[in-house]
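What follows is one structure encoded as structure tokens, with my remarks underneath.
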Amino acid sequence: LVATALAACLSVSSAFLPSLAPVPRPLASALGAKHANDKGAKKAASRRPKKHRPSDINRKPPSYPPMPDPLPPQFEVLENWVQPDESK
């Protein structure tokens, strides 16, 4: 009984051992890619949502009010500015 169990284990375990038959080696010049992948801006543009509805396709740009002339100052210079104490 022990001998048959040992023979069964050896026959099953032989399936997990490497084969001694020669394995064909892959060619050195084999290429896996059929075409180049999109990169950067081209990929980002192809993944953007597409405009399918006529209301989206024919949309006009928004009309903004005209800019004031002269333009308002972006920064106001204070002559007697004191930095607040941040040690509190």
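The values are calculated or read from the model by the stated rules, or taken from the named source; none is laboratory data. Quantities reported herein were computed from a predicted structural model and do not represent experimental measurements. Here the Cβ is made from the backbone with ideal geometry for all residues, glycine too, and neighbour counts use every protein chain on show. Surface accessibility is based on the protein's heavy atoms, side chains included, excluding ligands, DNA and RNA. Shrake-Rupley method; radii C 1.70, N 1.55, O 1.52, S 1.80 Å.
Observations, loosely collected:
- Meets criteria (free of Cβ contacts under 8 Å to residues at least 12 places away in the same chain, assigned to a helix (DSSP H, G or I) and surrounded by 10 or more Cβ atoms within 10 Å (Cβ to Cβ)) for LYS51: no
- Residue check: VAL12 meets all listed conditions (1) open to solvent by less than 100 Å² (accessible area, probe 1.4 Å); (2) at pLDDT below 70; (3) in a loop (DSSP other than H, G, I, E, B) but one, namely (3).
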